[in-house]
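The numbers here are math on the coordinates, done by the rules we state, and not lab data. Computed from a predicted structure; not experimentally measured. Note that we place each Cβ from the backbone using ideal geometry, even for glycine, and neighbour counts take in every protein chain shown.
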């Protein structure tokens, strides 16, 4: 049997490596001398997969054809001098900024992962502050305290809460339903609103309560036990919330060090 020399063997494997590298970096198409890379196609495949589209030869072909069309149009735009227009240049800068911001966020989250212990601790904190009850709530929102007191006086004269809410409440999301907000945890409301709510008996109506939105008359329509969701069901949401807070803290620190005029 013919044996390859050591040099021949090295040469053979070197050639194979070059061919494999070329296959990996070979463009999927070349449009008027401009290459469309496999990496660019793969990025579009990844984006489609993130939206639930399954990878397939048909999808890859469609993306390839779309990228060819886009390259043709982009080249034509340059021929027409559209890349020199002030609005186009501004859009280039905005697109560049968006890419850089996304890269910063991805890199920051990679280097500042949220630990399992931090997620569990936040879960326990939320569970502790949430409480074990949720309330079926209605309210009437008006602009001034005097309006709220006037409506409260009408309620004492047996006027119907639902009718007054439809007539007077500024809350467009609930006034058509007689002020009904549905079942909610006290923590979903402002502290003053929540304090008034939890101290009401069923069908009881609060004295006027002020918030940033105006003045509220709050009605408690029922109360029931609240079953807090399992850790595994909310872990993802808690992690994302902690990530967002971590990013906000980092941006706040950077702003403090930045020269802003």
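Would you mind ranking 135, 231 by Cβ crowding within 10 Å, fewest neighbours first? Don't skip to the answer; put the middle values down first.
Numbers: 135 24, 231 13.
With the fewest neighbours first, 135, 231 line up as 231, 135.
Once divided by 2.2 N^0.38 Å, the Cα radius of gyration of the stretch 25-83 becomes 1.24.
In deg cm²/dmol and to the nearest 500, what is the mean residue ellipticity at 222 nm of the chain if only DSSP H runs of at least 4 residues count, each as -39500 (n - 2.57), divided by the residue total?
Working: 9 runs with 152 residues, N = 261.
For the chain, the value works out to -19500 deg cm²/dmol.
For the stretch 172-261, a/c is not less than 1.5, where a ≥ b ≥ c are the root eigenvalues of the C-alpha gyration tensor, and a/b does not top b/c. That puts it in the oblate class. Each 10 Å bin from zero holds the following percent of Cα-Cα pairs in the stretch 19-161: 8, 16, 20, 15, 12, 14, 9, 4, 1. As an equivalent ellipsoid, the chain spans semi-axes of 61, 27, 20 angstrom, where each value is the square root of five times an eigenvalue of the C-alpha gyration tensor, largest first. Does anyone have the angle between helix 86-111 and the longest principal axis of the chain? Alpha-carbon axes, 0 to 90°, nearest 10? That works out to roughly 80 degrees. Result for the chain in a Gaussian network model with C-alpha springs under 10 Å: among 186, 27, 113, the largest mean-square fluctuation is at 27.
Equivalent ellipsoid semi-axes for the stretch 133-225, as square roots of 5 times the alpha carbon gyration tensor eigenvalues: give them largest first, rounded to whole Å. For the stretch 133-225, the semi-axes come out at 19, 14, 13 Å. Note on the stretch 70-129: Kirkwood hydrodynamic radius from all Cα pairs is 15.5 Å, rounded to one decimal. Please check which bits of the stretch 198-218 a label hung off residue 183 would reach, taking the label as a point 7 Å along Cα-to-C-beta and the cut-off as backbone N under 17 Å. Counting only backbone N, you get 202-203. Expressed in Å, the radius of gyration and Dmax of the Cα atoms of the stretch 107-184 are 20.7, 63. As a proxy for reagent exposure, ranking 119, 72 by other Cβ atoms within 10 Å from fewest up yields 72, 119.
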